[in-house]
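Contents: one structure, followed by commentary.
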Amino acid sequence: MYPITVTLLIILGMLAFSYSAYRRITLLLVAQGKECRLNNIAGRFLTMLQYAFGQKRLLFRDTKSGLMHAFIFWGFCVIALRTMTHFIMGYQDGFILPFLVSYLGLIYNITLNLFLILVPLACLYGAYRRLVIRPARLTFSYEGVVILCWIIILCVSDMFFEGARHAMGKHIEAGAFIGPIIGGFFKGYSPAALKGIEGTAYFVHIISILGFLNYLPYGKHFHVLTSIPNVFLHNTKPHGQLKSIDLTDESAVTFGNDRIEQFTWKNYLDWYSCTECGRCSDQCPAHNSEKPLSPKELTISLRNYLYEKSDKLIAKKCGKYDGSVDDLKLIPDEKPLVGDTISHDLLWSCTTCRACEEACPVFIEYVQEIIDMRRNLVLMQGTFPAEVQPVFQNMERNSNPWGISFNDRAKWAEGLDIPVMADNPAVEYLYFVGCAGSFDEQNKKVSQAFAKLLKKAGVSFGILGIEEKCNGDSARRMGNEYLAQTMMQENVATFNKYNVKKIITTCPHCYNTIKNEYPQFDGNYEVLTHVELLNQLVKEGKLNPTKDVDMVATFHDSCYLGRYNDVYDAPRELLQAIPGVRVEEMPNSRDQGRCCGAGGGRMWMEENIGKRVNQMRLDDAKKTHATCVATACPFCKVMLTDAIGETETENMNSRDVAEVLLESVGE
């Protein structure tokens, strides 16, 4: 049809895109970290099919906007084949891809024509949302509306192209029902007019495609190209496992991140892939309680900072940078990353609850990058909230955040006749009590209740007593990797000394750390949380809850039990097995449950900005008829009990599931 013109357009369009792609790819190569994410190809491919192509998170969490986005995405995938045909038709009129013949071609053409209608309708709804509804989570910009109009033009131009061809009497593939419909409007047009409509529609379509392709790397819609690979390259390690730092590396001159170059290529790909949909911030307890942290804005700020520095980074990568470098061989920053672009209050607002990551449709990893910046503040700059200093000192001196003497760690067990591993290591389970269960007055009762239940069920278990140290979770998530590793390695050495194989915990933070992070230090054990074991014992008939416990309970999902380790059913099944207990779900529950506010070391920090997260979670509980907020985490129990007291809420308390079960089983 138009071989010379099409060839020139393709060459110009692809040269321009190659330049943009080269710059973005070069930035990925600038980043630190050689992490390979090509393990478990089959699993990655399945995840990509479910979440990238299947749009699972969008459809299940926000059906209306999810369907809108899904129709546009699926339509793009279907129309992409048609676009390939368009370019080839510039050289050979009437070209059809060889595999789109017979019945397969019929099915494809029907599908294509349906999406040529559905996609513009979805785009119109999207424009309506942006211009009229304006959901708070969305970043409002006319760019989004322009892109939607661009997509409509792509679809409409194809319709007009097919309609003109039909009116001219050219062959229309079987199943392509739009051509005859649009062609009907062109009845009576002269051949020259029809040829003009065909040519105009054709060039509008291919120029729009090439223009769209070249625009993508410069706006938030770059995710059209990067989101699928970003999902494919998602983290397949346990959610609860932070990356470990080799503190013995004598060549290392810095730890953590305070320069944009120190982030990994996956961080950069995450930033490229952000759709700015705001689903992350919509779920973030810090953002919802009016703290400075918005995961979406954090990503946008880091991406913009990267782009601002891109010329120098690319020049340095290509050996063309003639400016100065500092002692770390990095380009000096005109403005500091942390402290200016990213505020300290923003970083310390994070509870590491992973609600943002669970909501993100393109699998952006927020928690690790926040912890990496905290690590640099703590390890390299000695900068952290004032109230954290005594917590670190208490851990260093007595291996617990409270600073209570380690000699008192087993006082909660006095009179219960519980074996200590030093005296009797030949037990099936080590009960790792944790600091809260050992020293906090509320949670000592949980430890006692759980121990009584284990004894009643005939479970063989023991405790470490004064040999137990803090699991390291709070120190690590507050950025003190050195202190965290010290306690982790000391615990592993103690476990291995007693040849421990199985561990049970009443604290999800202990559970997560021992299960997912101790393997980094050669600590490999079978780890169970207490609700899993208790539920198993009830099912096996070793514990028989017979006494009615008259209460309406709503279960609060601990982030480190639920979103981090997918333990959702066991505590609910346990509550439902107790006579008299009626269970009601809060509006935000299971993987969408709101954090209590204690994670990420926030347990030890004052909440001086915005609303109190624990009171917001209590408000969720009040929307039910519950008289008890049931928990399976000592931090959650403390935070919710405090919220009940702070708000003077009557006729409601917070109890651990083990306490409720013991009341029914009897002591």
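None of the figures in this text is laboratory data; all of them are computed from the coordinates on show. The structure displayed is predicted, hence computed values, not measured ones. FYI the Cβ positions are ideal-geometry reconstructions off the backbone, even for glycines, and counts take in every protein chain you see.
222 nm [θ] for the chain, helices only, -39500 (n - 2.57) per DSSP H run of 4+, per residue, to 500?
Working: 28 runs with 334 residues, N = 667.
-15500 deg cm²/dmol, from helical runs alone.
For a paramagnetic label modelled at 7 Å from the Cα of residue 548 toward its Cβ, which residues of the range 628-667 fall within the zone defined by backbone nitrogen distances under 17 Å?
Counting backbone N atoms under 17 Å from the label point, the list is 663-666.
If you put +1 on each Lys and Arg Cβ and -1 on each Asp and Glu Cβ, how big is the dipole of the chain around its Cα centre, in Debye rounded to 20?
With only Lys, Arg, Asp and Glu charged at Cβ, the dipole is about 2000 debye.
Can you tell me how much longer the chain between residue 536 and residue 592 gets when fully stretched, taken as 0.36 nm per residue apart minus their C-alpha distance, in nm with one decimal?
Gain on extension, residue 536 to residue 592, equals 17.6 nm.
Using DSSP to define loop residues, name the trypsin sites (Lys or Arg not before Pro) in the range 445-551 whose beta-carbon has at most 16 other beta-carbon atoms within 10 Å.
Those that pass, being in a loop and sparsely packed, are 501, 542, 547.
Could you work out Rg/(2.2 N^0.38 Å) for the range 462-546, with Rg from alpha carbons only?
1.21
Around residue 583, which amide H atoms from residues at least 5 apart in sequence, or from another chain, sit under 5 Å from its own amide H, with H modelled in the peptide plane?
The answer is 553.
Relative contact order for the range 541-665: what percent, with Cα pairs under 8 Å and sequence separation of 6 or more?
34 percent
For the range 322-477, what value does the Rg/Rh ratio take when both radii are computed over Cα atoms and Rh is the Kirkwood radius, given to two decimals?
When Rh is taken as the Kirkwood radius, the ratio is 1.13.
Cα-Cα pairs above 21 Å in the range 260-380: how many percent?
In whole percent, the long-distance tail amounts to 40.
Can you give the convex hull volume of the alpha carbon atoms of the range 36-232 per residue, in Å³?
Expressed per residue, the convex hull around the Cα atoms of the range 36-232 is 155 Å³.
Within a 10 angstrom radius of the beta carbon, how do 160, 555 rank from fewest other beta carbons to most?
160, 555
For helix 530-539, report the angle its Cα long axis makes with the longest principal axis of the Cα atoms of the chain; keep it between 0 and 90° and round to the nearest 10°.
80 degrees
May I ask you to order 295-302, 247-254, 417-424, 381-388 by the average number of other C-beta atoms within 10 Å around their residues, highest value first?
Values: 295-302: 22.1, 247-254: 9.2, 417-424: 15.2, 381-388: 13.6.
Top to bottom by mean Cβ count within 10 Å: 295-302, 417-424, 381-388, 247-254.
Charges on Cβ only, +1 for Lys and Arg, -1 for Asp and Glu, centred on the Cα centroid of the chain; of 605, 113, 344, which one is farthest towards the dipole's positive end?
Going by the charge dipole, the pick is 113.
Quick check on the range 389-538: what are the equivalent-ellipsoid semi-axes from the Cα gyration tensor, as sqrt(5λ), descending, whole Å? Write out the running numbers ahead of the final one.
Details: eigenvalues 106, 59, 40 Å².
They are 23, 17, 14 Å, listed from largest to smallest.
If you look at just the Cα atoms of the range 541-665, how large are its Rg and its Dmax in Å?
14.2, 49
For the range 47-101, just run the numbers: alpha carbon Rg, then divide by 2.2 N^0.38 Å, N being how many residues it has.
In units of the 2.2 N^0.38 Å rule of thumb, it is 1.52.
What FRET efficiency comes out for the pair residue 150/residue 582, r = Cβ-Cβ distance, R0 = 60 Å, nearest 0.05?
Plugging the Cβ-Cβ distance into 1/(1 + (r/R0)^6) gives 0.65.
Going by amide H atoms built from the backbone, whose H comes under 5 Å of the H on residue 461, apart from near neighbours?
Counting only residues 5 or more places away or on other chains, the set is 428, 429.
Each label point is 7 Å from the Cα along the Cα-to-Cβ direction; what then is the distance between the points at residue 111 and residue 315, in nm?
Rounded to a tenth, the inter-label distance reads 4.9 nm.
Computed over the Cα atoms of the range 153-282, what is the ratio Rg over Rh, Rh following Kirkwood?
Values: Rg = 25.3 Å, Rh = 19.5 Å.
Reported Rg/Rh, Kirkwood definition of Rh: 1.30.
Relative to the longest principal axis of the C-alpha atoms of the chain, give the angle of the C-alpha long axis of helix 102-128, reported between 0 and 90° and rounded to the nearest 10°.
70 degrees
Working from the pairwise distances between different alpha carbons, so that the mean of 1/r is found and then inverted, what is the range 69-177's Kirkwood radius in Å?
15.2 Å
Output the relative contact order of the chain, whole-number percent, from Cα pairs under 8 angstrom with separation of 6+ residues.
With pairs under 8 Å counted, the relative contact order is 12 percent.
Sort 412, 265 by Cβ crowding within 10 Å, fewest neighbours at the top.
Final ranking by Cβ density, sparse to dense: 265, 412.
Could you pull out every residue, at least 5 positions away or on a different chain, whose amide H is within less than 5 Å of the one on residue 528? Hs are placed 1.01 Å off N in the peptide plane, and Pro or chain starts have none.
Amide H to amide H, under 5 Å and 5 or more residues apart or across chains, residue 528 pairs with 503, 504, 505.
Using the Karplus curve 6.51 cos²θ - 1.76 cosθ + 1.60 with θ = phi - 60°, work out ³J(HN,Hα) for each residue of the range 163-177 in order, rounded to whole Hz, and write x for Gly and Pro.
x, 5, 5, 5, 5, 7, x, 6, 5, 10, 4, 4, x, 7, 7
Per 10 Å bin, what percent of the C-alpha pairs of the range 284-329 does each bin hold, from zero upward?
Over the range 284-329, the share of Cα pairs per 10 Å bin runs 23, 32, 22, 18, 6 percent.
Would you list 612, 563 from fewest to most Cβ contacts within 10 Å?
612, 563
Averaging sequence separations of C-alpha pairs under 8 Å and six or more residues apart, then dividing by the length of the range 36-232, give the relative contact order as a whole percent. Write out the running numbers ahead of the final one.
Details: 186 pairs, mean separation 43.4, N = 197.
It rounds to 22 percent for the range 36-232.
Enumerate the calculated ³J(HN,Hα) couplings along the range 546-560 in order (Karplus 6.51 cos²θ - 1.76 cosθ + 1.60, θ = phi - 60°), each rounded to whole Hz, writing x wherever the residue is Gly or Pro.
10, 7, 5, 10, 7, 7, 9, 10, 10, 8, 8, 7, 5, 4, 7
Just subtract the alpha-carbon distance of residue 83 and residue 192 from 0.36 nm times their residue separation and send over the number in nm, one decimal.
Extra length available between residue 83 and residue 192 comes to 36.8 nm.
Find, to one decimal place in angstroms, the Kirkwood hydrodynamic radius of the chain, where the mean of 1/r is taken over every pair of different Cα atoms and then inverted. Can you show the working numbers first?
Working: mean 1/r = 0.0355 Å⁻¹.
About 28.1 Å, per the Kirkwood formula over Cα pairs.
Per residue of the range 340-347, what does 6.51 cos²θ - 1.76 cosθ + 1.60 with θ = phi - 60° give for ³J(HN,Hα)? Whole Hz please, x for Gly and Pro, Karplus curve as stated.
Going residue by residue, I get 10, 4, 10, 6, 4, 4, 4, 5 Hz, with x marking Gly and Pro.
Need one number: the % of Cα-Cα pairs in the range 93-138 sitting beyond the 12 Å mark.
71 percent
Placing +1 at every Lys and Arg Cβ and -1 at every Asp and Glu Cβ, with all other atoms neutral, what dipole size does the range 541-665 have around its Cα centre, in debye to the nearest 20?
In debye, rounded to 20, the range 541-665 gives about 200.
Measuring from label point to label point, each 7 Å out along Cα→Cβ, what is the residue 41 to residue 407 span in nm?
6.2 nm
Which angle between 0 and 90 degrees, to the nearest 10, do you get for helix 441-457 versus the longest principal axis of the chain when only C-alpha atoms count?
80 degrees
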